[in-house]
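Colleague: Before anything else, here's the structure in question.
The values are calculated or read from the model by the stated rules, or taken from the named source; none is laboratory data. For clarity, every value in this text was computed on a predicted model and none was experimentally measured. Here the Cβ positions follow ideal geometry from the backbone for every residue, glycine too, while neighbour counts run over all protein chains shown.
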């Protein structure tokens, strides 16, 4: 089994190999840099990329792609990969930076006439606001990667892009990118079949079969990762898929970020999103910080909810009312709410505080995070 430190060791080995034996076809490799979202040091790694990745992206004759995928390096890499199709299909890529989301972008996107929009779902939602309705009707596919696709976002984008199929790719930079995909029409959101040449294991499972996702695959020449823990949480779905695929995993989120285990409970971004929608006029945006504390020799969960309310802050009475409603409706186990665990002395009462400015927008939208005490 491998952990992140093992990948750093492999990275040094690969760089030595690249210097000693430069590739005859440099275009078949990528220099990847992890985002550091999970709190660890960024990792730089040279990897090959799977030949099926650009083919999957362009299947159905797609020739024009809008890329919504983060840093300049990531956008460049994605553009180069998409253009390197084995079939030699001519591909045009419009890689958008967040700073490009300004008035006038509508005309550029309309002129580009995209067939596929690819990238982080939160980023695609922001770009969707710059796509004219007639242009949106001609989009054939939305391809999501890098974030869990929430049902509410899927439904919203389905209305905006009525003729676009929605597919997902599960990727991680340190695994040479491609791990699994949801191209199968029989799979619900955030369910995946492994990509070609990838073996997936799930270890340290709880009673529900939920545990750490581990990946085994080749990443560079003869270098392989063996049961590498990517930092995500998931479970195997029992049975054979209708399509005939024997292996299906459900991706539940980034461990310690949008899937946080805390004092025997689980905080999920999807559940917070559901509850926050109960206050459409009061909560414009939110962030959650969770921590474990020791009180009287007992480990308890403490949760701070940061709210952005354009008018500043609620009255003390409204804070209590909102806090009570959230605690009574937010499920943190399959059968118990946050409030019930407060009554059972497992959690401290919910803390609500206010942000004076809108939360900064990054390439990835991290709303729930486990922080050190």
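Colleague: Looking only at the stretch 146-184, count how many residues are surrounded by 22 or more Cβ atoms within 10 Å (Cβ to Cβ), within 16 Å of the chain's Cα centre (by Cα) and under 19 Å from residue 60 (Cβ atoms).
Modeller: Going through the stretch 146-184 one residue at a time, the tally reaches 5.
Colleague: Considering only the stretch 125-218, give the strands (runs of 3 or more DSSP E) lying wholly within it that have at least 1 residues that are out of contact with any helix residue (DSSP H, G or I) (no Cβ under 8 Å at 6 or more places or on another chain) and without any contact (Cβ under 8 Å) to a residue 40 or more places away in the chain. Spell out how you get there, then give the answer.
Modeller: Details: elements: 141-145, 165-172, 177-182, 191-194, 199-203.
Once the strands (runs of 3 or more DSSP E) in the stretch 125-218 are filtered for at least 1 residues that are out of contact with any helix residue (DSSP H, G or I) (no Cβ under 8 Å at 6 or more places or on another chain) and without any contact (Cβ under 8 Å) to a residue 40 or more places away in the chain, what remains is 165-172, 177-182, 199-203.
Colleague: Also: Restricted to the stretch 349-360, and to residues that are assigned to a loop (DSSP other than H, G, I, E, B) and either exposed (fewer than 13 other Cβ atoms within 10 Å of the Cβ) or not assigned by TED's automatic domain parsing to the domain that holds residue 328 (or both), which residue is modelled with the lowest pLDDT?
Modeller: Here is the first cut: in the stretch 349-360, the residues assigned to a loop (DSSP other than H, G, I, E, B) are 349-350, 356-360.
Imposing the further condition that a residue be either exposed (fewer than 13 other Cβ atoms within 10 Å of the Cβ) or not assigned by TED's automatic domain parsing to the domain that holds residue 328 (or both) reduces the set to 356-358, 360.
Working: 356: 89, 357: 90, 358: 91, 360: 82.
Taking the candidates together, the pick is 360.
Colleague: Here is a follow-up. Can residue 247 be described as crowded, with 21+ Cβ neighbours inside 10 Å and farther than 30 Å from residue 14 by Cα?
Modeller: No, not satisfied.
Colleague: Would you call residue 39 on the phi > 0 side of the Ramachandran plot, out of contact with any strand residue (DSSP E or B) (no Cβ under 7 Å at 6 or more places or on another chain) and either at pLDDT 90 or above or buried (at least 16 other Cβ atoms within 10 Å of the Cβ) (or both)? Working first, answer last.
Modeller: On the way: on the phi > 0 side of the Ramachandran plot: yes; out of contact with any strand residue (DSSP E or B) (no Cβ under 7 Å at 6 or more places or on another chain): yes; either at pLDDT 90 or above or buried (at least 16 other Cβ atoms within 10 Å of the Cβ) (or both): no.
Taking the combined requirement at face value, the residue does not satisfy it.
Colleague: Moving to a separate point now. Does the stretch 13-29 hold any residues that are touching a residue at least 60 places away in the same chain (Cβ under 8 Å) and loosely packed, with under 15 Cβ neighbours inside 10 Å, and which are they? Quick ask: steps written out before the conclusion?
Modeller: Keep residues of the stretch 13-29 that are touching a residue at least 60 places away in the same chain (Cβ under 8 Å), which gives 13-14, 17, 29.
The answer is 13, and nothing else.
Colleague: Identify all residues within the stretch 88-124 that are free of Cβ contacts under 8 Å to residues at least 40 places away in the same chain, in contact with a strand residue (DSSP E or B) (Cβ under 8 Å, 6 or more places away or on another chain) and either under 20 Å from residue 76 (Cβ atoms) or part of a loop (DSSP other than H, G, I, E, B) (or both); write none if there are none. Spell out how you get there, then give the answer.
Modeller: As a first pass, look at the stretch 88-124 and keep what is free of Cβ contacts under 8 Å to residues at least 40 places away in the same chain: 88-97, 99-108, 110-111, 121.
If we keep only those that are in contact with a strand residue (DSSP E or B) (Cβ under 8 Å, 6 or more places away or on another chain) too, we end up with 91-96, 108, 121.
Once the filter is applied, which keeps residues that are free of Cβ contacts under 8 Å to residues at least 40 places away in the same chain, in contact with a strand residue (DSSP E or B) (Cβ under 8 Å, 6 or more places away or on another chain) and either under 20 Å from residue 76 (Cβ atoms) or part of a loop (DSSP other than H, G, I, E, B) (or both), the stretch 88-124 yields 91, 92, 93, 94, 95, 96, 108.
Colleague: Another one. Kindly evaluate residue 333 against the criterion of being under 17 Å from residue 268 (Cα atoms), in the same structural domain as residue 277 (by TED's automatic domain parsing), touching a strand residue (DSSP E or B) at 6+ places or on another chain (Cβ under 6 Å) and at pLDDT below 95.
Modeller: Working: under 17 Å from residue 268 (Cα atoms): yes; in the same structural domain as residue 277 (by TED's automatic domain parsing): yes; touching a strand residue (DSSP E or B) at 6+ places or on another chain (Cβ under 6 Å): yes; at pLDDT below 95: yes.
Against the criterion (under 17 Å from residue 268 (Cα atoms), in the same structural domain as residue 277 (by TED's automatic domain parsing), touching a strand residue (DSSP E or B) at 6+ places or on another chain (Cβ under 6 Å) and at pLDDT below 95), residue 333 qualifies.
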